[in-house]
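Notes follow once the structure below has been shown.
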Amino acid sequence: MAGASSPASLRASRNRQLGKETIYSDLLKNPKGLFAFALILADAILVGLIIAYVPYTKIDWDAYMSQVSGFLGGERDYGNLKGDTGPLVYPAGFLYLYSAVQNLTGGQVYPAQILFGVLYIVNLGIVLFIYVKTDVVPWWALCLLCLSKRIHSIFVLRLFNDCFAMTLLHSSMALFLYHKWHLGMLVFSGAVSIKMNVLLYAPPLLLLLLKAMNIIGVVSALAGAALVQVSCTNAFDLGRVFIHFWSVNFKFVPERVFVSKEFAVCLLIAHLCLLAVFANYKWCKHESGIIGFMRSRHFFLTLPSSLSRILTKEHIVTTMFVGNFIGIVCARSLHYQFYSWYFYSLPYLLWRTPFPTWLRLIVFLGIELCWNVYPSTPASSGLLLCLHFLILVGLWLAPSDDPYQLKEDPKSQIHKKHK
């Protein structure tokens, strides 16, 4: 009969219906998921009120629009793309992105604030998704992600390009959780093309790629990411020296020391040493260190199915967040918008330490306080550095969980479902 459905289509329809019911039932049974959804709704209302009633702060938006106008006018020499704050110092992805933003908003502040308000909520949703999937932070602590005055200001009152870069970075992490390494690397590369701070995640991410795939897979993923950067030739300023006045983390250091090459080299050495130590003794602890990992069969071109393993979500997020945080601790200068580089990882990192809850909350509030002191003082920057070091020590003292989970045979998974 023409209107009759085949048994296969009926089974597929029932499976889809069961899948939807399972998703809804899981959501209803998961208080963290419901709480995260409520936070998104509440924060969306707050963002709307901020845009409506809090005055916009003019900092970089006009400069962004001037630089983009020069680019759209045909200028391709980076040295000639300038704005109120000086020459363009961002990668080429910034130009393409903000050209689109200018077309959407007409270069006007209010429509841009609405766009950045939507971006804020999208980013928050992605971050909450990561937190819910990793199940490291208790449900009530998710509200910490919505309580930062400085972060709300960075997104909807100052319209910094850091907002787009970090949203893409968090999107790539969400893809990595489901082992979509190639697609995630494309998104990650897009974030780098907007702002280079995302490269702080590169060392731990490379280690994760080597753990998750064989060499052929790693090379193909890196090649895909490199293609995104083809248009960014000569668009990276690696010799930039920040102004001492704007430093939030090293204001207590004398200016002559702050701008010196020796100080920069010392911080770079500290950064590399900390990465090496954490990689060897924390991230690769279960592989007997970096050397043991490289000697293992997992590092070679083929991996026998009997040894097939996948990384846990917690290991992926912990490695990337800690690797970035090490870069934050060793950064020569953190400006106010740079808080967005690691704010969304703070609750996760704090709950990865063995600290009691009251100390975690004090550290979180202390860091938020330091970032809201304007202008920064030697005392506020000294306190911020101490709090950073405290978190770093806590992460070092925390136990290292097994980074792998055995990849089950699909037949056994089917058996479990029907059991």
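The values are calculated or read from the model by the stated rules, or taken from the named source; none is laboratory data. These figures come from a predicted structure and were not determined experimentally. Cβ sites come from the backbone with ideal geometry, for glycine too, and all protein chains shown count toward neighbours. Protein only, heavy atoms only, side chains kept; ligands, DNA and RNA dropped before computing areas. Shrake-Rupley method; radii C 1.70, N 1.55, O 1.52, S 1.80 Å.
Below is a table of values for the structure above.
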quantity: Residue in region 250-267 that is in contact with a Gly (Cβ under 9 Å, 6 or more places away or on another chain) and either at pLDDT 95 or above or surrounded by fewer than 22 Cβ atoms within 10 Å (Cβ to Cβ) (or both) present; calculated: yes
quantity: Which listed residue is free of Cβ contacts under 8 Å to residues at least 12 places away in the same chain and either open to solvent by 30 Å² or more (accessible area, probe 1.4 Å) or under 29 Å from V101 (Cβ atoms) (or both), from L183, L205, L175, L157; calculated: L183
quantity: Unique residue being modelled with pLDDT of 85 or more and surrounded by fewer than 14 Cβ atoms within 10 Å (Cβ to Cβ) when the list is V54, V122; calculated: V54
quantity: Residue check for I367: surrounded by 17 or more Cβ atoms within 10 Å (Cβ to Cβ), touching a Ser or Thr at 6+ places or on another chain (Cβ under 9 Å) and in a helix (DSSP H, G or I); calculated: no
quantity: Within region 128-154, considering residues that are β-branched (V, I, T) and under 11 Å from P347 (Cα atoms), the one most open to solvent (accessible area, probe 1.4 Å); calculated: V136
quantity: Residue in region 326-337 that is of a type in the set (G, A, S) and in a helix (DSSP H, G or I) present; calculated: yes
quantity: Pick from region 18-46, criterion open to solvent by 70 Å² or more (accessible area, probe 1.4 Å) and basic (K, R), ranking: modelled with the lowest pLDDT; calculated: K20
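To keep it simple, each residue is scored yes or no on (1) modelled with pLDDT of 95 or more; (2) in a helix (DSSP H, G or I).
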| position | (1), (2) |
| --- | --- |
| A100 | no, yes |
| V137 | yes, no |
| S171 | yes, yes |
| L175 | yes, yes |
